[in-house]
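The values are calculated or read from the model by the stated rules, or taken from the named source; none is laboratory data. Note that the structure is predicted; figures quoted are calculated from it, not measured. Heads up, the Cβs are rebuilt from the backbone with ideal geometry, glycines too, and the neighbour counts pull from every protein chain shown.
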Amino acid sequence: MTTKMDLNAIVEQMETGDQDSALAALQSYTKEVNINAAVVERLGFSLVLGFLNRDLQPSCLLACLETVRILSRDKHRLDPFITRSAMLTLARYAGIVVDITATPAHSHLVEGQADLQLIKGVAERLKQCHDPTWNHEVRFFDLRLTFLLTALRVDVRTQLAQELHGISLLGNQLDATLGLCWPDTLETARAGFESIPPEELPPLSREQAERAMEILKILFNITFDTTRRKVDEEEAAEYRHLGAILRHCLLSHADGEERTEEFHSHTVNLLGNLPLPCLDVLLMPKVQQGSIEYMGVNMDAVNMLLEFMERKLDRGHKLKETLLPSLNLLTESARIHRETRKFLRSKVLPPLRDVKNRPEVGNALRNKIVRLMTHIDTDVKDYAAEFLFVLCKENVSRFIKYTGYGNAAGLLAARGLLRGGRESGIYSEDEDSETEEYREAKAHINPITGVVEEEQPNPMEGMTEEQKELEAMKLVSMFDRLSRCNVIQPMQLGMDGKMREMTPEDLHKVAHNPLVQSEEPANSESEDDAQ
């Protein structure tokens, strides 16, 4: 450990102003493995920064920058480095020195303050994506700095996206990083591997994957509000171009399963920010040998998204963060693209044959998603229900057919569809696709559970009308007592298709008309039931 005398000697050598003495002192300091508050305070930040404002020989400059990098790791002692003059000094060196030493220091410092127009300088260098002058480390830390600036500052986000044309700038950067070529409009390929199917392409190198993921994260930061506003034609063209690159990312692999999963996660997150009409680029490439084709459309990207979503579902870890981006992306794609919806339905909701097991029981993808419809997390539950509802073309009868009324009740109640019917979405008309097994069992299926159940004896068999009315009165009395104690809240289905609180008058009516059935929902099962 550096002694007190050693520290005094270092400071004295720095204060002489002699570069050789300072170099020896700084090299001695940077050899220290353990840094504590005493070392940081005693060395003197201003001395190092003072040297950086002079005309230094390369070896002394390097030692100063290495010292800055070490000192900047202590996030609680950054004040001397986040003054305007200090940041300008470091920005100047980061922009003109082809050495990476200054740039990692910025990654620490920017967390303390991003009050300068650093993004303009970084954007200028990002434009040089094909310049061999800059090695991987310089490019990576340029991107890391850009990510931190856009993550911490809303104004920088806006500046990069609008003034600096960030979508186009970073799209070109991603294009260059992946080494793409464009055989056709909005159709990408790996340069030098144009004739090789995506699944046979060599994996991206570690460096390519690292830079690509930084770019995806920056793009996510500057596009997160895109779906909440309208985009003009020029913006839509940029987003479609970016979407074509993201499609290539989906079908690419990195060096290792874990890195590939992370790469695909960032890709899916960004795809979810694209304007919905621009997602048609996922279907644009021509069907080639080895492609997954459906209705004459290339479904490679959609199938990859579906497999990605199922992997996240199977892992069951932090479903809200890991599953919902891909699930929502599939839902919205299915809502606006007929071919996508039909393909997904063929995979998730094939013609129903199993009428013996509950919809939530089993290992088929339908069973897994139906189980999510009763998940403890409201968002997970709602997104899962919405996905299946869209695949059913928002048709209530069909939705209940595949999920059971009990599982479907939450979504239907929220939409005011408990009486049946259909949402106002625009979907194509198709033919009925009931299987023979379902058609034969249909009359015996319990709509609540969605399966055929053994017949149960009628509990009121042999009872007189007076006995039935007495039992009904007992039941009403029990409900009333529980309601008064706030244990339960009796509800009933209103004419608007939503549940409403039962009044004492409602309970009185039920008591005197125990056999009155609630209005049956309109039977729309005869409507088109194909994919």
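Does any residue in the stretch 256-276 that is within 16 Å of I167 (Cβ to Cβ) come within less than 7 Å, Cβ to Cβ, of a residue that is among the small types (G, A, S) six or more places away or on a different chain, and which pairs are these?
Once the first residue is within 16 Å of I167 (Cβ to Cβ) and sits in the stretch 256-276, its partners that are among the small types (G, A, S) give L274/G243; P275/A236.
Inspect all residues belonging to the stretch 173-186 and state whether any of them is of a type in the set (V, I, T) and either over 23 Å from the mean Cα position of the chain (by Cα) or outside any helix (DSSP H, G or I) (or both).
Within the stretch 173-186, one or more residues are of a type in the set (V, I, T) and either over 23 Å from the mean Cα position of the chain (by Cα) or outside any helix (DSSP H, G or I) (or both).
Considering only residues that are of a type in the set (F, W, Y) and either modelled with pLDDT under 95 or not in a helix (DSSP H, G or I) (or both), which ones fall in the stretch 203-244?
F224
Pick from R366, R345, R358, R353: which is within 18 Å of K401 (Cα to Cα), touching a Gly at 6+ places or on another chain (Cβ under 8 Å) and of a type in the set (K, R)?
Exactly one of R366, R345, R358, R353 is within 18 Å of K401 (Cα to Cα), touching a Gly at 6+ places or on another chain (Cβ under 8 Å) and of a type in the set (K, R), namely R358.
When the residues of the stretch 268-300 are narrowed to those that are over 21 Å from the mean Cα position of the chain (by Cα) and small (G, A, S), which ends up farthest from I218 (Cα to Cα)?
The residue in question is G296.
Which of the numbered conditions does L418 fail, given that it passes all the others? Conditions: (1) in contact with a Pro (Cβ under 9 Å, 6 or more places away or on another chain); (2) at pLDDT below 65; (3) more than 26 Å from T340 (Cβ to Cβ).
Against the list (1) in contact with a Pro (Cβ under 9 Å, 6 or more places away or on another chain); (2) at pLDDT below 65; (3) more than 26 Å from T340 (Cβ to Cβ), L418 comes up short only on (2).
Every residue in the stretch 299-337 that is among the small types (G, A, S) and farther than 22 Å from K393 by Cβ, please. Spell out how you get there, then give the answer.
Initially, the stretch 299-337 is screened for residues among the small types (G, A, S), giving 301, 316, 326, 333-334.
Within the stretch 299-337, A301, G316 meet the criteria.
Filter the stretch 357-384 down to residues that are assigned to a loop (DSSP other than H, G, I, E, B) and under 21 Å from the mean Cα position of the chain (by Cα) and give me whichever is surrounded by the fewest Cβ atoms within 10 Å (Cβ to Cβ).
This residue is I376.
From E233, E194, E257, grab the single residue that is loosely packed, with under 14 Cβ neighbours inside 10 Å and touching a Cys at 6+ places or on another chain (Cβ under 8 Å). Lay out the reasoning, then the answer.
Working: E233 fails: touching a Cys at 6+ places or on another chain (Cβ under 8 Å); E257 fails: touching a Cys at 6+ places or on another chain (Cβ under 8 Å).
After ruling out the rest, the residue left standing is E194.
Find all pairs meeting these conditions: Cβ atoms under 9 angstrom apart; at least six residues apart or on different chains; first residue within the stretch 187-213 and more than 25 Å from R240 (Cβ to Cβ); second residue of a type in the set (F, W, Y) and part of a loop (DSSP other than H, G, I, E, B).
Close Cβ pairs (under 9 Å, with a partner that is of a type in the set (F, W, Y) and part of a loop (DSSP other than H, G, I, E, B)) amount to E200/F193; P202/F193.
All but one of (1) over 24 Å from E258 (Cα atoms); (2) part of a helix (DSSP H, G or I) hold for S195; which doesn't?
Here S195 clears every test but (2).
With D314, D280, D300 as the choices, which residue is out of contact with any strand residue (DSSP E or B) (no Cβ under 8 Å at 6 or more places or on another chain) and surrounded by fewer than 16 Cβ atoms within 10 Å (Cβ to Cβ)?
The conditions single out D314.
Out of curiosity, is E200 in contact with a Pro (Cβ under 7 Å, 6 or more places away or on another chain), on the phi < 0 side of the Ramachandran plot, surrounded by fewer than 16 Cβ atoms within 10 Å (Cβ to Cβ) and modelled with pLDDT under 95?
Answer is no for this residue.
Pick from A237, A212: which is out of contact with any helix residue (DSSP H, G or I) (no Cβ under 8 Å at 6 or more places or on another chain) and of a type in the set (A, V, I, L, M, F, W, C)? Break it down stepwise before answering.
On the way: A212 fails: out of contact with any helix residue (DSSP H, G or I) (no Cβ under 8 Å at 6 or more places or on another chain).
The match here is A237.
Say we look at the stretch 466-499 and pick out the residues that are in contact with an Asp or Glu (Cβ under 9 Å, 6 or more places away or on another chain) and not in a loop (DSSP other than H, G, I, E, B); which of these is nearest to L411 (Cα to Cα)?
Among those that are in contact with an Asp or Glu (Cβ under 9 Å, 6 or more places away or on another chain) and not in a loop (DSSP other than H, G, I, E, B), it is L493.
Restricting the search to the stretch 340-393, which residues are touching a strand residue (DSSP E or B) at 6+ places or on another chain (Cβ under 6 Å) and modelled with pLDDT of 90 or more?
Listed by number, the list holds a single entry, F343.
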